[in-house]
Each structure stands twice: as C-alpha cells, then as structure tokens.
Amino acid sequence: MTEQDTMATPDAARDTSLEAALQSALARRAAPRRPGAISNATMFGWRALLKIKHVPEQLFDVVITPVMFTVMFTYLFGGALAGSTVDYLQFLLPGILAQTVIFTTIYTGVTLNTDISKGIYDRFKSMPIWAPSPLVGAMLGDFLRYTGSSVIVVLIGLLMGFRPEAGLSGVIWSMMLLNLFAFGIGWIFTTLGLLMRTPGTVMTISWIVLMPLTFASNVFVDPATMPGWLQSVVNANPVSHLVTAIRALMAGTANLGLLVKSLLMPAAITVIFAPLAMVLYHRPR
Amino acid sequence: MALPLAIETHQLLKKFGTNRAVDGVDLSIPQGMVYGVLGPNGAGKTTTLRMLATLLRPDGGEAHVLGHDVAREPARVRERISLTGQFASVDEDLTGLENLRLLAGLLGFRRREGRQRAEELLTAFSLTEAQNQQVKYYSGGMRRRLDIAASILVTPDLLFLDEPTTGLDPRSRNQVWDIVRALVAGGTTVLLTTQYLEEADRLAERIAVIDRGRVIAEGTSAELKASVGTSVLHLSVLSPDQREQAAGVLKDRLGVPAFREADPTALTVQLDDTARAPLALHALTEAGIPLRSFSLGQPSLDEVFMALTGRPAESDEPEKEVVV
C-alpha cells in the first residue's frame, strides 16, 4: 500500500505539470494576421534551404556536373574548334553556364515529385495559405542551386583563363538573367514533376526535352557553319537567345532588346505552365 | 443563438472510377465533442475526412463545416480547421522545431513568436529533448505528437485526426488520448477516425459506424450497444479443468453456446434477457463449479459491429482504401 503511494506521487506530479503545460499551450487560440503571398512563398523557400542543410548530398550534381562539362568541352573541342583552348573558353563559358543552370532545373521537378507524395502536402493543402506558395517557394530555393552552380562554372572558367570584359558586373548580371530564365522554364519541370508517377520518369523525360534543346543551340559552336535548316532551328531556340544575351553581358555589349528577347520564352512558359501546374497540384493524387 | 454544427453532410458522395468510396454519408455533428468515425479499412473513413478537410471535392451531396460549404468556401473552412493525416503530415527531413517554426511562419507568426510558440508546444508534448533531431529518427508516438502539435499552432475550432493511434504502443496511445481530451476541454471539436473499437468507446461522445461508404449506425457508445439488444455474461471459473464442464452446463440450462475466450478459465455467453443471468450462476453452483469472477455487461463494440454487418470489424478482407 505504502509502496504504491510513493510510486504514485512523482508520476502524478509529473502528469499535473505536463497537464498544466498542455492547458496553457492549448489556451492560445488567437490567430496572427494572415500573411501575404510573398511571406508564404518565402517560408517554403526557407524549407528548401533547410532540406539542403539536412541532405547536402543533393547538391552533388550541382557541384560536379558543371566542373565536368566545363573542363571536358574546353579541352576536347577547344583546339579543334577555335584553334586554342583559351580562345574557345571565351566563347564556350557563357554557353556552358546556361547549359549547367538549365540542367539544374530538372531537379526542381525531381525533388517536387519525391516531395509531393508525402503526407505533409495534405497539411499544406488544408492550411489557409496562398495556394501556389509551396511550388513557388520550392523554386525560390532553387535559386540557390542555380547561383551555386553558376558560381562554380565561373570560378572554374576563371582558373582556366576565362576573362569577362565586363568584369564582375557582367558576371552578376548574367547570373540574374540565368535565374530568371531558369525560374521560367522551371515551370515545365514542376508540371512534369506533378504529372509523372516516379522521380525516375521525370528525370528521363526531362533529359529527352533538354538534350536537344541545349545542344541544338549556339552553346558549343557558332551556327554559321551549320546547314541552313539547322541554322533556323538553332536561331529559334530560346537557349540560343539566352546564350547570346549572356555573351553580350559578359562582353559588356548587352542591350535591352537582347535581354527581353531571351526572357520572352520563359515568360510565355510561366503564363502557360504555372496555371497548369496549379491545376495538377490540386488534382487528387 | 445556437452554434452552427461543426459538421453537417447530406448524401455526401465520392467515386473513384466505379467504386463509390463514400456512398451517401449523412452526418450531423455538434460543436465541442469528440466524434468518432469507426469502420474497417476501406470503409470510406479517410475519403470522408479528406472531403471535409477540403482536400477532395465531393462528387455529390453537400457538406458544411462550421457553417461553410466545403465546395464553395474552402478557404473559409481552412481558416478554422486543422488536419492530422493518417500518414505523418510533418516533414521527415526537418527537425521537430523546424517543422513547427515553418508552419508557424506560414500561419503568420513572426520569427520570434513562432519560435516561442513552437517551443511551448514541444514542452507541452514532451518533445523538447528531441526538438533538434530530424523527424525521421522519431518513434511513432513522438511523430504523432509532433503531428498533433503542428495542427494546433493556432488552436483550431475543428481538428481532424485520421487514425491518430494506429500503430502506437499503449503508452503513446494514452498520451494521444490525453491530448485529445485536453483539446476538447478547451472547446475544440475533434473528428477522429479509427478502426479500434476501444478507442471510439473510450474517447468519442458519439460514434458513426461506417461500412462500405455508408453510415450503418450512429449514436453514443451505449446507444449503439443497446441497439444490438443483448447483454453479455462474462464468467471465469476457478480451475481451467472445469471450463468444459461449465460450458456444457450453460448450454443445457440457457440453450445458447458459451464462447471460449483466450484465457483458459474464461467463458462468455450472450443473453437476450438479463434476467437469465442468475439462472446460469445458480446452475453452475449446483453443478459444483466454483467461479473466480463473473460480470454482466453490455456487448463490446466488436460485437456491435459484428451484429450490424454480420462480420467482424478488424479481420476484414484487405479491401484497398484509395489513398489520394
């Protein structure tokens, strides 16, 4: 009897303090003011950063791919295409920069596809928040990836002898343009990420779209040597417009027309694919 | 003025292909109580709850949550509800604290307030020690508690809990029950789905039994049991050797078979008339079979479910619930 009593006391005491904590935690019913769309999207951007913090392995591709591409293409093709690797690098680097960032957009789709099947999206969808914010926020997080991979490409380029005439400001403007471009075309991969069943399929289809898009462009060679029909394809390719604009930014010869031209396609993609992505997002899975 | 009902549905319908997962559900749930939706896997519980939480659009019928139509005013509904899904609705890659701070930020808490509120809840739910660990390393019970904490950053008027204790050990289950009771004491209405009859019995003020997309019974636990119209005599003989003999005596005298429980001394007899119980006890005394204990009670919800559907509740064929 006495043993039971002594056993019961600490337990009961703990329960009471816990209960008091619970009661006081539950007593707070007042909701803060509803935040705006930007605040919601920023929180999802923060979530993307936290994910990178906890799972840094996912940045592996972002670091390795650009190093590999820059080094490989410069030394493989440089001598043959431009007479010297340094001359070729001057031409190639803006292109490789664009290609690297464009390839990085694939991860937007792949990551979303893995993420969205998890229970937490049920919570997001049942919360009083700006509906597109989880998607927009995830893409904000991608800005870090894009910027990261472009910084790496530029650094490798500088080490190998790339010298932008416009200096640091040319590089910074280029990165801003790239981020905008990537945000726009990212909606395609967000849509694919929502449409496909597995991350593997998202990856495969993304490559099928991106390989011709980046290679049939002016990234690697001047289209002047190509057959006429291919020239018209290359000149219509939005990637070519982007690369032309970056070359101009790096050389300090850019004008507003070039920038606008390079952003037309991403803008059109956003207009078409962002609403489509929202429909798919709200579709029962 | 009377409060609007927490939930009111009329002929709610959801089809997946040709399968009518929810086939005309009528519910009328007042505010301020725990309401249990009980049924086996695949009965349509989760689908019903997802429609009420604005995650799925009904294919027919109507549903009002706290006076707002779920199809026409989903945003108004979302402002006042919270959902804890069947599969943990927290982010496994983030820590417990990060999860709560993220959700607090989404709800409009400022940085410092959000952190304070998160820490307050982590303390109340005994998760302080694990707050900086990634959720993937949490035990089932910790994950559930975090999940519920995430649902009450702003204490909602209506909380949906989808099978909150499935897979939990008894201690964690009791903790979850305590939290639910405290929430209701604070004025929140809780709608919980469960396949555990005991849970509905212990926690819910009223219960709807759902089977194959339809409500097949509704009422308090006692009403449901009374509607089956039998009472149950539980007996325990002193010596296991005498159980068979006792079963024979009971069958002779009462004309109904005695069910042999897993406990080798225990027998259960269903009686359609309580007055027959003394007869049974008298017969056993006459036959010289001493009893350790006996009790006369209402049937368990298991037996209720059996009586309503003609099959046991938990050993159902593995019907596939459409997870959407």
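Laboratory data are not the source of any read-out in this text; all were calculated from the coordinates shown. Everything quoted here is computed from the prediction, not taken from an experiment. Every residue, glycine among them, receives a Cβ derived from its backbone with ideal geometry; neighbour counts consider all protein chains shown.
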Once you put a point 7 Å from the Cα of B:Glu119 and another 7 Å from the Cα of B:Thr268, both along the Cβ direction, what distance in nm separates them? 5.0 nm
Tell me what the protein assembly as shown gives for mean residue ellipticity at 222 nm when only DSSP H runs of n ≥ 4 count, each as -39,500 (n - 2.57), the sum divided by the residue total, rounded to 500 deg cm²/dmol. -18500 deg cm²/dmol
Give the average over all directions of the projected area of the C-alpha convex hull of region B:230-298, one decimal, in nm². 3.9 nm²
With a 10 Å radius around each residue's Cβ, average the other Cβ atoms per peptide and rank A:184-190, B:64-70, highest first. A:184-190, B:64-70
Rounded, prolate or oblate: which one fits region B:1-118, using the alpha carbon gyration tensor with axes a ≥ b ≥ c (rounded when a/c is under 1.5, else prolate when a/b beats b/c, else oblate)? prolate
Could you work out how far apart the two model spin labels at B:Glu198 and B:Phe87 are, taking each label as a point 7 Å from the Cα in the direction of the beta carbon, and quote it in nm? 2.8 nm
Which whole number gives the average count of other chain Cβ atoms within 10 Å of the Cβ atoms across peptide B:89-97? 5
Expected sort for A:35-45, B:100-110, A:199-209 on mean C-beta neighbours within 10 Å, highest first, is B:100-110, A:35-45, A:199-209
Between region B:278-298 and region B:137-199, how far is it from one alpha carbon centroid to the other, in angstrom? 41 Å
Partner chain Cβ atoms within 10 Å, averaged over the residues of B:103-112 - can you pull that number for me? 6
Which whole number gives the average, over all residues in B:117-128, of C-beta atoms from other chains lying within 10 Å of the residue C-beta? 3
Could you state the principal axis extents of the C-alpha atoms in chain B, from the largest down, to the nearest angstrom? 76, 47, 42
Which FRET efficiency value, to the nearest 0.05, is calculated for B:Asn19 and B:Ala226 with the Förster distance at 30 angstrom and r the Cβ-Cβ distance? 0.35
Dipole magnitude of chain A about its Cα centre, charges +1 at Lys/Arg Cβ and -1 at Asp/Glu Cβ only, in debye to the nearest 20? 740 debye
For A:Leu276 paired with B:Tyr137, estimate the spin-label separation in nm (one decimal), with each label point 7 Å from Cα along the Cα-to-Cβ line. 4.3 nm
Mind checking which lysines have their Cα closer than 29 Å to the Cα of B:Lys225? Skip sequence neighbours fewer than 8 apart in that chain. B:Lys45, B:Lys251, B:Lys320
Which whole-number percentage describes the relative contact order of region B:7-226, with Cα contacts under 8 Å and a sequence gap of 6 or more? 30 percent
Where in region A:145-162 does the label zone of A:Val86 land, with the point 7 angstrom along Cα→C-beta and an amide N cut-off under 16 Å? A:157-162
Tail beyond 12 Å, pair distance distribution of region B:89-131 (Cα, percent): 55 percent
By its C-alpha gyration tensor, with a ≥ b ≥ c as the square roots of the eigenvalues, how is region A:18-61 shaped: rounded for a/c under 1.5, else prolate for a/b larger than b/c, else oblate? oblate
Could you give the length gained on full extension between B:Arg57 and B:Thr128, defined as 0.36 nm per residue of separation minus the Cα-Cα distance, in nm? 21.7 nm
With the contact rule set at Cα under 8 Å and sequence spacing of 6 or more, what percent relative contact order holds for chain A? 24 percent
Distance in Å, no decimals, from the C-alpha centre of region A:187-204 to the one of region B:1-31 is 35 Å
Under 25 Å between alpha carbons: how many lysine pairs meet that in region A:37-282, if sequence neighbours fewer than 8 apart on the same chain are excluded? 4
Per-pair calculated FRET efficiency, R0 = 51 Å: B:Arg260 and A:Trp207 via Cβ, rounded to 0.05: 0.20
Charge dipole (region A:37-282, unit charges on Cβ, about Cα centre) - positive-most of A:Val153, A:Pro238, A:Asn113: A:Asn113
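Taking N as the number of residues in chain A, what is its Cα Rg relative to 2.2 N^0.38 Å?
On the way: Rg = 24.9 Å, N = 285, 2.2 N^0.38 = 18.8 Å.
Normalised Cα radius of gyration, chain A: 1.32.
For a distance above 40 Å, tell me the whole-number percent of Cα pairs in the protein assembly as shown that qualify.
45 percent
List the relative contact order of region B:230-298 as a percent without decimals, with contacts defined as Cα pairs under 8 Å and 6+ residues apart.
51 percent
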